[in-house]
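Input: a single structure, listed below in structure tokens.
The values are calculated or read from the model by the stated rules, or taken from the named source; none is laboratory data. Everything numeric here is computed off the predicted structure, so don't read it as measured data. Cβ: placed from backbone, ideal geometry, glycine included. Neighbour counts: every protein chain shown.
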Amino acid sequence: MGNSLFFSSLLFLFCSTGFCIDSNISSCPIDLSYVETFPWDKSTCLDPDGTQCCQALISLFGIGIAQHLKETSLFQLPNAVAAASCVSDFQNKLAALTIRPSLVTSCIHNSTQFVSNASSCAGIITIQDWIEKVGPVTVLDTACRGDVTGLKCRSCIEAGYSVLSTLLSLDPNATKCFDFTVVYAIGVINEFGPKDPGAADCILGLPLDSSTTDKAKKKSSSETLLKLVFGFLGAFFGVLLAFTLIILYRKWDKRNKRNAPHRRFVNTFRANVLPNSGAKWFGLSELERATNGFSQRNLIGQGTYGVVYKGTLADGTLVAVKQILDLDSKGDEEFSNEVEIISKIRHRNLLSLRGCCVTSDMVKGRRRYLVYDFMSNGNLGDHLFNDFSRQRLSWPQRKNIILDVARGLAYLHYGIKPAIYHRDIKATNILLDSEMKAKVADFGLAKQSLEGQSHLTTRVAGTHGYLAPEYALYGQLTEKSDVYSFGIVILEIMSGRKVLDTSNSSYLLITDWAWKLAKSGNEQEIFDESIREQGPKGVMERFVRVGILCAHVMVAFRPKIAEALKMLEGDTDIPNLPDRPLPLSHESFKSSLGSGASRSTTSRTSLNMSLV
């Protein structure tokens, strides 16, 4: 099958916010007749266990969503009744193909998640909203038009990542900008439309029937033959050809000189950095074989700086291959530093580096890859906040994850000299293995300490909400900057609530919300409802109090990570929670935060990808 755009997870998490075009609509506004005629591969859904069927069904339903966008200018369905009707119609169409309706309910748990919601992605509801946010013309307009099979699909994919980064910069906490980019690319940009097999294969990642694929290959061969004919005709224009060759040679020579420094870096990296790091050198061809040519079917994660693919090495080992795409922001020296830092890490609660690959090819260009062990249970954020999570975390699992993260951070701060500050501790950077053991991952922003001194920097990097105030405002980086982020993660794990809650203007930050409940003696209300009856209340309250203490606004009141670990394990008493300044959601703090950000034009918040 051809490549797909953005790993067609297409989990359209559309939920109602009251913005509906017509609340009286009771029937499905989507014509789903294509389900029975579209040449998609039904084999996975006819399999008895149907474990691989969800991707195909969600992509197939995505055709209807994209067609609806094209016809109505709405990214989502108007109301819950219409959404339920569409899911029911979808089941009936599949039943006519002898596909069990129960597969639909197992893949699409809640039809209301397809309903219009202004908080889904930067307030976008209609195509006009999209244009206001990203402009009337984007890179999608050229890369995703026409036939997007073959090499053209790759260009469309990269254009999608570019637009996605723009949307995330507008709304860092958005959960559906990924899905909006997909349906806009196929429903609005591509003139063939969502019902074109080639477009659906590339952009939606819908597996096609093998006969359709064979026809596409024959069509591609015919087009190639025509191009060759026209190429030979062009040979008659001798003077023009000679002139073209001269221009091409100059461009080649210019590019060759421009890439010379990077080629020197590759040679130096292999000769000096790699032997000292202990990381394995992977050839590009080896990684291509492991990931099936970096197939979109192997895509398991994406972010601002790169993408992550699942791969299988020749010996059968499962790995995660992270390709760094933002080569301008992450220079050669920074990449070398990242490899050296990660290679020093050997701890059961830290994701260690297995190997890397750096190329400077004239044809394929500059590429960088990091190779890690594959974590089969994904990242913590998916289990806490994803409505499609396989299961809710139990209290014992949450307790062990918190302790695992604390031990990993303690090793970074005290087990290595000089110490390492992670700078981007958050739920999506905590990975879970097959036994649900936690490993801290993604050390792209890690910094080594200056032997006991605080580190001042004008380049503030991390994720909004998890950044310690003194680091976000003044660039002061210490071990307690990681402790603040760790405290936020504890509160997220214990409550199942995200660090930033835009639905409640009174308590925007989780710290303000938890602080109020704890000080009023209602700590048990902080617990996620699913675990309130699972564990000893005293132990659970202790974990919450440690989280609040670690995420205290004042640096002096935060414990060191080693002290926090002892409190969590019950070896040390927890001091009384000290008073706090005004809530971080208070207007006076917001204004000071805005002025502090404006003082440093080089400061920026980076949304790093997590290995999934």
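Can you confirm whether the range 403-421 contains a residue that is touching a residue at least 12 places away in the same chain (Cβ under 8 Å), part of a loop (DSSP other than H, G, I, E, B) and at positive phi?
no
If you check Asp147 against the conditions, is it in a loop (DSSP other than H, G, I, E, B) and in contact (Cβ under 8 Å) with a residue 40 or more places away in the chain? Walk me through it before giving the result.
Details: in a loop (DSSP other than H, G, I, E, B): yes; in contact (Cβ under 8 Å) with a residue 40 or more places away in the chain: yes.
Yes, satisfied.
Quick test for you: out of Ala84, Ala66, pick the one residue that is within 22 Å of Cys45 (Cβ to Cβ), assigned to a helix (DSSP H, G or I) and without any contact (Cβ under 8 Å) to a residue 40 or more places away in the chain. It would help to see each step written out before you state the result.
Working: Ala66 fails: without any contact (Cβ under 8 Å) to a residue 40 or more places away in the chain.
Result of the check over Ala84, Ala66: Ala84.
Kindly establish whether Asp179 is of a type outside the set (Gly, Ala, Ser), under 30 Å from Val87 (Cβ atoms) and in a helix (DSSP H, G or I).
Details: of a type outside the set (Gly, Ala, Ser): yes; under 30 Å from Val87 (Cβ atoms): yes; in a helix (DSSP H, G or I): yes.
When the stated conditions are applied, Asp179 passes them.
If I ask for residues that are of a type outside the set (Gly, Ala, Ser) and not in a helix (DSSP H, G or I), which ones from the range 513-552 would you list?
Within the range 513-552, Asn522, Phe527, Asp528, Arg532, Glu533, Gln534, Pro536, His552 qualify.
Kindly check whether there is at least one residue in the range 88-98 that is on the phi > 0 side of the Ramachandran plot, at pLDDT 75 or above and exposed (fewer than 15 other Cβ atoms within 10 Å of the Cβ). Steps first, please.
Of the residues in the range 88-98, the ones on the phi > 0 side of the Ramachandran plot are 98.
Imposing the further condition that a residue be at pLDDT 75 or above reduces the set to 98.
Still in the list and also exposed (fewer than 15 other Cβ atoms within 10 Å of the Cβ): 98.
Yes, the conditions are met somewhere in the range 88-98.
Looking only at the range 458-483, how many residues end up being part of a loop (DSSP other than H, G, I, E, B), more than 24 Å from the chain's Cα centre (by Cα) and either surrounded by 17 or more Cβ atoms within 10 Å (Cβ to Cβ) or at pLDDT 85 or above (or both)?
2
Name the residues in the range 469-490 that are over 10 Å from Arg558 (Cβ atoms) and among the hydroxyl-bearing types (Ser, Thr, Tyr), would you?
Answer for the range 469-490, where residues must be over 10 Å from Arg558 (Cβ atoms) and among the hydroxyl-bearing types (Ser, Thr, Tyr): Tyr471, Tyr474, Ser485.
Filter the range 552-603 down to residues that are modelled with pLDDT of 80 or more and polar (S, T, N, Q) and give me whichever is surrounded by the fewest Cβ atoms within 10 Å (Cβ to Cβ).
The selected residue is Asn576.
So that you can scan it fast, the table gives a plain yes or no per residue for (1) in the same structural domain as Ala56 (by TED's automatic domain parsing); (2) farther than 23 Å from Phe385 by Cβ; (3) modelled with pLDDT of 85 or more; (4) not basic (Lys, Arg):
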| position | (1), (2), (3), (4) |
| --- | --- |
| Asp171 | yes, no, no, yes |
| Lys176 | yes, no, no, no |
| Gly193 | yes, yes, yes, yes |
| Cys202 | yes, yes, yes, yes |
| Leu206 | yes, yes, no, yes |
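Please tell me if Val137 is surrounded by fewer than 16 Cβ atoms within 10 Å (Cβ to Cβ), out of contact with any Gly (no Cβ under 9 Å at 6 or more places or on another chain), of a type in the set (A, V, I, L, M) and under 19 Å from Cys177 (Cα atoms).
Against the criterion (surrounded by fewer than 16 Cβ atoms within 10 Å (Cβ to Cβ), out of contact with any Gly (no Cβ under 9 Å at 6 or more places or on another chain), of a type in the set (A, V, I, L, M) and under 19 Å from Cys177 (Cα atoms)), Val137 qualifies.
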